[in-house]
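The values are calculated or read from the model by the stated rules, or taken from the named source; none is laboratory data. It should be emphasised that the depicted structure is a prediction, and the values quoted were computed from it without experimental measurement. In this analysis, Cβ positions are derived from the backbone assuming ideal geometry, glycine residues included, and neighbour counts consider all displayed protein chains.
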Amino acid sequence: MRLPYDGSFPISQFFGENPEMYKPFGLSGHNGIDFAIPTGNRIVTPHGGIVKEAYFDENGYGNYVKIENATEGSVLGHLLSISVKIGQALIEGDTIGISDNTGWSTGAHLHWGYYKFPRDRSNGYNGFIDQYPIIKPLMVQEGVMTIEKKVFEELITKLDKQDKLIASLNEEIALCKDEVNKKLSAQREDIKNKIIALIDSLS
């Protein structure tokens, strides 16, 4: 197996996330992994197989391709265009289309749903499973930083606290600078007055 794209792109949505969003579709959560891939990038098949579907799903995957072999299957969606046909045999790495945000999508990305046979369609995700443990080493190899959602949220919280602390320190520094400037200004005025008084006494 390989990643279904060339280059390095981060994951924008993990498997199982946002259960409320996918509840209307009869799912327990997101049934795949989304990659933040801009429009216009080449999308390839992550494994060999036969093209079982290559359609446009207006209210779902948009332009999508389904590929299956004897042990596994993949659905790759939201494509700008499809470059394969139903029944076509593919080997790992063959181009299947170009990335975009067609269908039910709020921005350009690639949705990759993955399953193995026998496919358990009653698992809450229509038979799709989380392929992240499989592809994580591949992402690391490609130089993509991968991080668990919980850890990411904890880091964001820590960064937010640090930002607030830095802002507070900057305010204190600004107040100190203002106080120092006031004292220096008063000292300069005092010295000026003393010099004037000295000149008057000598004249």
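At a glance:
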{"quantity": "Residue within region 15-23 that is in contact with an Asp or Glu (Cβ under 9 Å, 6 or more places away or on another chain) and either surrounded by 17 or more Cβ atoms within 10 Å (Cβ to Cβ) or part of a strand (DSSP E or B) (or both) present", "calculated": "yes"}
{"quantity": "Among (1) among the charged types (D, E, K, R); (2) farther than 22 Å from residue 117 by Cα; (3) free of Cβ contacts under 8 Å to residues at least 24 places away in the same chain, the one test that residue 66 misses", "calculated": "(2)"}
{"quantity": "Residue 28 being in a strand (DSSP E or B) and among the hydroxyl-bearing types (Ser, Thr, Tyr)", "calculated": "no"}
{"quantity": "Strands (runs of 3 or more DSSP E) wholly inside region 57-127 that include at least 1 residues being closer than 15 Å to residue 5 by Cα and in contact with a Phe, Trp or Tyr (Cβ under 6 Å, 6 or more places away or on another chain)", "calculated": "72-82, 110-116"}
{"quantity": "Hits in region 42-65 - residues which are of a type in the set (D, E, K, R) and either surrounded by 20 or more Cβ atoms within 10 Å (Cβ to Cβ) or over 25 Å from the mean Cα position of the chain (by Cα) (or both)", "calculated": "52, 53"}
{"quantity": "Candidates 5, 22, 55, filtered to the one that is more than 23 Å from residue 127 (Cα to Cα) and either free of Cβ contacts under 8 Å to residues at least 12 places away in the same chain or not assigned by TED's automatic domain parsing to the domain that holds residue 128 (or both)", "calculated": "5"}
